Amino acid sequence: MKLGLFGGSFDPVHLGHLLVAQAAREELELTRLFFIPAARSPFKPANDSTSAALRLRFLRLALAGQTHCEVDEREIARGGVSYTIDTVRDYARRFPQAKLFYLIGTDHIAQLPKWRAADELAALVEFLVIPRPGEPASPLPPPFQGRTLTGFPLGVSSSQIRTRVKSGLPVDWLVPAAVAEAIRNNRLYL
Ligand code: ATP
């Protein structure tokens with residue numbers, strides 16, 4: 001069994017995230033892929049995040065009908081700062097026979113050695129690096145190991161979406177239609 005773990009803020013989830021998931025599933029033939037929204041990222045300011053309930057709702061809307069993908073609420077349920085190692089330990093315990101893959105954008109590679117319990121994390125997961133247009137390709141620092149995915153680089157980010165909404169610009173082709181509608185209905189990012 002090959003399991004993909006995709007952590008992030010997902011504030012909001014966008015087509016870049018969804019294409020990453022598709023590439024990982026196709027290129028690795030993953031059995032299942034878990035989207036794991038963070039309660040709070042160790043690397044992002046505390047008050048800078050939309051409510052967990054809304055970020056979860058957007059993920060559910062985006063992944064409706066995607067049978068291989070699941071939303072995992074464990075980091076939100078745990079609360080506080082979300083450390084990947086805590087989540088990965090849970091998966092390793094729950095699925096002792098599975099090979100675990102952790103999806104990560106190239107923009108996060110440089111910070112990997114600073115992640116909590118880096119050595120243990122490197123032993124438990126193989127990283128799947130996702131190219132991001134505009135970000136230089138950087139190799140995984142030791143002791144991390146993994147591979148780079150090829151499809152489908154898309155230069156879109158959650159911060160770009162928040163900025164566009166604030167500026168009154170449409171986001172319709174950058175997030176799933178249901179997410180764009182939910183952003184409007186909740187008057188979010190204004
Ligand atoms: P923000 O702009 O708020 O920093 P983001 O778009 O980077 O957000 P996150 O939820 O922080 O989204 O990202 C979760 C993971 O997805 C990270 O590993 C990030 O590098 C990766 N990621 C996000 N957008 C893309 C994209 N367009 N292409 C490849 N990877 C991406």
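The values are calculated or read from the model by the stated rules, or taken from the named source; none is laboratory data. Just so you know, these numbers come straight off a predicted model, no measurement behind them. Every residue, glycine among them, receives a Cβ derived from its backbone with ideal geometry; neighbour counts consider all protein chains shown. Each accessible area value is taken on the protein alone, full model and side chains, heavy atoms only, with ligands, DNA and RNA left out. Shrake-Rupley method; radii C 1.70, N 1.55, O 1.52, S 1.80 Å.
How much area per residue is accessible in the chain when the probe is 1.4 Å and only protein heavy atoms are counted (Å²)?
Here the per-residue accessible area is 50 Å².
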Heavy-atom accessible area with a 1.4 angstrom probe orders Arg55, Arg74, most exposed first, as Arg74, Arg55
Whole-percent carbon and sulfur contribution to the accessible surface of the chain (1.4 Å, no ligands, DNA or RNA) stands at 53
In the range 1-33, the GluC sites (Glu not before Pro) that sit in a DSSP loop and have at most 15 other Cβ atoms within 10 Å of their own Cβ are Glu29
Rounded to whole angstroms and listed largest first, the alpha-carbon spread of the range 1-150 along its three principal axes comes to 37, 36, 32
For Lys2, the aspartates and glutamates lying under 17 Å Cα to Cα, once residues fewer than eight places off in the same chain are dropped, come out as Glu26, Glu27, Glu29, Glu70, Asp72, Asp90, Glu126
Ranked output for segments 61-70, 135-144 by mean other Cβ atoms within 10 Å, highest leading, reads 61-70, 135-144
The lysines whose Cα lies under 20 Å from the Cα of Lys44, excluding any fewer than 8 residues away in the same chain, are Lys114, Lys166
Accessible-area order for Tyr189, Tyr83, largest to smallest, probe 1.4 angstrom, reads Tyr83, Tyr189
Residues whose modelled amide H sits under 5 Å from the amide H of Leu5, counting only those 5 or more places away in sequence or on another chain, are Phe34, Phe101, Tyr102, Leu103
